[in-house]
Structure formats: structure tokens, C-alpha cells
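The values are calculated or read from the model by the stated rules, or taken from the named source; none is laboratory data. Computed from a predicted structure; not experimentally measured. Don't worry about glycine lacking a Cβ; one is built from the backbone with ideal geometry, like all the others, and counts go over all protein chains shown.
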């Protein structure tokens with residue numbers, strides 16, 4: 001990977017570069033077929049198609065899959081400033097089922113950011129706009145930067 005030089009006054013470019021660096025290592029999201037729809041400073045939208053191997057014994061999307069989509073959108077939103085950030089707590093309310101073949105969208109947005117901690121809300125919808133889950137995540141910044149971490153990993157190989 002070539003070194004990425006970003007102007008410090010372009011938060012949108014930083015958010016996009018950070019998302020690209022995270023995505024290159026995000027095997028879980030890739031395995032679940034997620035796609036990054038949009039990333040902005042403090043915000044992210046990801047999508048996921050509900051596949052046959054994602055439905056449970058009630059023939060609806062397993063809650064863990066919906067949670068994974070919401071949690072991943074949360075991760076991309078809270079890391080968008082290129083500061084390594086992890087979840088410290090989260091909660092989800094399932095409001096309606098998702099079914100095989102439906103495309104889900106998870107929209108994450110920062111609600112509060114103070115020091116090393118933040119609060120993010122994620123709304124998971126079907127493509128028709130109907131809400132199926134509400135997720136709230138609390139974040140904690142840890143040492144390091146996302147892009148620098150990718151460059152360090154690349155140089156180690």
C-alpha cells in the first residue's frame with residue numbers, strides 16, 4: 001500500500017480513507033456480504049442482503065445477523081476520524097423481522113462525542129424504509145490510528 005497523505009482540513013476524505021483501510025481488513029463484514037454505502041465524519045451507512053444461510057428456525061433473519069450489520073455500521077461511523085475506536089457497550093431493539101432476499105440498510109450517526117467516549121445510534125431498515133431495529137452503541141477510543149495500523153500491517157508482510 002502506498003502512504004496516504006490527507007489534508008488535515010478534509011474530514012470527508014479522511015472518513016473515506018479510514019473506511020477503505022478498515023474494509024481491507026474486515027473479513028467478517030465481507031463474509032456476510034455487507035457493502036459500504038456511504039461514510040461521512042461521524043456517520044456511516046452499510047447494507048446487507050439477507051441470504052438463505054442467515055435465516056433462523058422461524059425462517060426470518062437471525063437477530064445476530066441484524067446486530068452484526070448495525071454493529072459494523074457503528075464501527076465505521078465511530079472510526080471515521082481515523083482514531084482507533086471500539087465498542088464499550090451496545091443494545092439493540094428488534095422491531096420487525098427481516099426475510100430472506102431483503103436488502104437491509106444500517107444508518108449510524110454520532111449523538112455525542114466527549115473525550116475518548118461517544119454514543120452512536122443506528123437505525124436498521126428494509127429498502128422500503130420500514131424500520132426493523134434500533135441499536136445504540138457506546139464507543140471508546142484506544143491508542144493508535146486506523147490508517148497507520150493498516151500501513152504497519154502491510155510493512156510487516
Does residue 148 satisfy being exposed (fewer than 15 other Cβ atoms within 10 Å of the Cβ), at pLDDT 95 or above and either in a loop (DSSP other than H, G, I, E, B) or over 12 Å from the mean Cα position of the chain (by Cα) (or both)?
no
With the requirement that a residue be in a strand (DSSP E or B) and in contact with a strand residue (DSSP E or B) (Cβ under 6 Å, 6 or more places away or on another chain), what does region 103-116 give you?
103, 104, 105, 106, 107, 108, 109, 110, 111, 112
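Can you tell me which of 129, 81 is surrounded by fewer than 18 Cβ atoms within 10 Å (Cβ to Cβ), at pLDDT 95 or above and not in a strand (DSSP E or B)?
Details: 81 fails: surrounded by fewer than 18 Cβ atoms within 10 Å (Cβ to Cβ).
Unique residue meeting the criteria: 129.
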Tabulated pairs, region 110-132, first on the phi > 0 side of the Ramachandran plot, second at pLDDT below 95, C-beta under 9 angstrom, 6+ apart or interchain:
none
Does residue 96 count as assigned to a helix (DSSP H, G or I) and either closer than 16 Å to residue 146 by Cβ or over 16 Å from the mean Cα position of the chain (by Cα) (or both)?
no
Condition first: over 27 Å from residue 117 (Cβ atoms), in contact (Cβ under 8 Å) with a residue 24 or more places away in the chain and not in a strand (DSSP E or B). Now tell me which residues in region 61-70 satisfy that.
65
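Given the residues 98, 89, 73, which is the only one that is surrounded by fewer than 19 Cβ atoms within 10 Å (Cβ to Cβ) and in contact (Cβ under 8 Å) with a residue 12 or more places away in the chain? Can you show your working first?
Details: 98 fails: surrounded by fewer than 19 Cβ atoms within 10 Å (Cβ to Cβ); 73 fails: surrounded by fewer than 19 Cβ atoms within 10 Å (Cβ to Cβ).
Of 98, 89, 73, the one residue that is surrounded by fewer than 19 Cβ atoms within 10 Å (Cβ to Cβ) and in contact (Cβ under 8 Å) with a residue 12 or more places away in the chain is 89.
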Which residues, counting only those in region 23-59, are under 12 Å from the mean Cα position of the chain (by Cα), part of a loop (DSSP other than H, G, I, E, B), free of Cβ contacts under 8 Å to residues at least 60 places away in the same chain and farther than 15 Å from residue 104 by Cβ?
26
